[in-house]
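The values are calculated or read from the model by the stated rules, or taken from the named source; none is laboratory data. Keep in mind it's a predicted model, so treat the numbers as computed, not measured. So basically every Cβ, Gly included, is an ideal-geometry build from the backbone, and we count neighbours across all protein chains shown.
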Amino acid sequence: MKVILAAPRGFCAGVNMAIESLDLTLRKFGPPVYVYHEIVHNQHVVETFREKGAVFVDHVDEVPDGGVLMFSAHGVSPEIRDQARRRNLHALDATCPLVTKVHLEAIKYAKEGYTILLIGHEGHDEVLGTMGEAPEAIVLVEDEDDVDRLEFAEGTKLAYLTQTTLSVDDANRVIRRLRQRFPEIHSPPKEDICYATQNRQEAVKLLSEEADVVLVLGSQNSSNSQRLAELGRERNKKSYLIDGPQDLSKDQFSDDDVIMITAGASAPESVVQATIEWLSDNFNVTVESQSVREEDVHFPLPKPLRPFAKQLAGESQS
């Protein structure tokens, strides 16, 4: 059995920042630290933090008055921020800067009188946060059929934005249909789908060509991980989205399979290595790493956490 280990894979800069932020917050304030929704969409990461004292909530009123609350990497609406202020919560923001960029674009377009067509998945945390910036001005479109059903008065100014973790191909199909129907539609100066999402999708497209099976490490509620598995299926490969080797069985594989392994942007490297170890325990495996693109992106910590991080770094060096 041959394993093609794709790169880039796993944690992106936004996920790294969010995870480090929550870890520092737990060390600075002590548990419990409340997190609005999951810090990132990965069950392994969430359970690890739950064991350390993080409490994941779906409503701000679940947090006691004066408590410490962190906003997840997916971002939140202004209403959630207002609720936190009204409850006198100590709020820290771990929103990915690429998500913040989409929020700012939504605010700008809404102020300029545009109706914004947001390409994304209904109910996704990121979509809820973005739509909350200008609910009266944003219409969600999920696919080309949604575009065909749109009707606007003549002279309506239109612009589109996209969820950052979409399939590039799916988003481009929707954008093409939007441009066909509404040739004057405005687009953001720089595309919204994040660099890490695009790079991981590119790796699957290129490296799955010689594979029989595509294994994607990631959780079922991870949008970018789902897209990676879908790309494998579109290429007629057996594709599985798994949280780890506990989700596998030997009868899914043949001794001479070529298996491509990748990981969504919120999946830790530890689950990738555990999966390779499981395959090695059950089959005669050779592993070959293949990289399609280099990544060197880093996002700064939220400002309130930077002095504490610097203090800890100083202590570790002394």
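Looking only at the stretch 59-83, which residues are of a type in the set (D, E, K, R) and in contact with a strand residue (DSSP E or B) (Cβ under 8 Å, 6 or more places away or on another chain)? Can you show your working first?
First, the residues of the stretch 59-83 that are of a type in the set (D, E, K, R): 61-62, 65, 79, 81-82.
Matches in the stretch 59-83: Glu62, Arg81.
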**Study point:** Residues (among the hydrophobic types (A, V, I, L, M, F, W, C) and farther than 23 Å from Asp23 by Cα) located in the stretch 58-109
**Key:** Val102, Leu104, Ala106, Ile107
Practice item. Kindly provide the set of residues from the stretch 250-280 that are under 25 Å from Val45 (Cα atoms) and charged (D, E, K, R), ordered by number. Key: Glu269, Glu277
Revision key, fill the gap. Among strands (runs of 3 or more DSSP E) entirely within the stretch 85-167, at least 3 residues that are surrounded by 15 or more Cβ atoms within 10 Å (Cβ to Cβ), at pLDDT below 95 and not aromatic (Phe, Trp, Tyr) occur in none
Practice item. For Ala159, state whether it is under 24 Å from Asp58 (Cα atoms) and touching a helix residue (DSSP H, G or I) at 6+ places or on another chain (Cβ under 6 Å). Key: no
Review point. For the stretch 231-242, does any single residue satisfy the condition of being in contact (Cβ under 8 Å) with a residue 24 or more places away in the chain, within 27 Å of Leu166 (Cβ to Cβ), among the aromatic types (Phe, Trp, Tyr) and not assigned by TED's automatic domain parsing to the domain that holds Glu38?
Key: yes
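Within 23 Å of Glu122 (Cβ to Cβ), crowded, with 20+ Cβ neighbours inside 10 Å and in contact with a helix residue (DSSP H, G or I) (Cβ under 9 Å, 6 or more places away or on another chain): is that true of Asp192 in this structure?
On the way: within 23 Å of Glu122 (Cβ to Cβ): yes; crowded, with 20+ Cβ neighbours inside 10 Å: yes; in contact with a helix residue (DSSP H, G or I) (Cβ under 9 Å, 6 or more places away or on another chain): yes.
So Asp192 fits the description; yes.
Only one of Ser280, Ser316, Ser254 is over 25 Å from Asn221 (Cα atoms), more than 24 Å from the chain's Cα centre (by Cα) and outside the structural domain of Gly232 (by TED's automatic domain parsing); which?
The match here is Ser316.
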**Study point:** Cross-chain or 6+ apart pairs with Cβ under 8 Å, the stretch 296-313 first and small (Gly, Ala, Ser), then surrounded by 11 or more Cβ atoms within 10 Å (Cβ to Cβ)
**Key:** Ala309/Glu20; Ala309/Leu24; Ala309/Leu301
Check your understanding: Do you know which residues across the stretch 221-249 are touching a Phe, Trp or Tyr at 6+ places or on another chain (Cβ under 8 Å) and surrounded by fewer than 17 Cβ atoms within 10 Å (Cβ to Cβ)?
Key -> Asp247, Leu248
Point to revise | Members of the stretch 85-94 found to be touching a residue at least 40 places away in the same chain (Cβ under 8 Å) and within 25 Å of His298 (Cα to Cα), listed by number | key: Leu92, Asp93, Ala94
Exercise for review: Restrict the check to the stretch 105-125 and report whether at least one residue is of a type in the set (A, V, I, L, M, F, W, C), out of contact with any helix residue (DSSP H, G or I) (no Cβ under 8 Å at 6 or more places or on another chain), closer than 16 Å to Ile185 by Cβ and without any contact (Cβ under 8 Å) to a residue 40 or more places away in the chain.
Suggested key: yes
Study note, to complete from the structure: Quick count over the stretch 33-84, residues being of a type in the set (Asp, Glu) and either buried (at least 17 other Cβ atoms within 10 Å of the Cβ) or touching a residue at least 12 places away in the same chain (Cβ under 8 Å) (or both), is 6
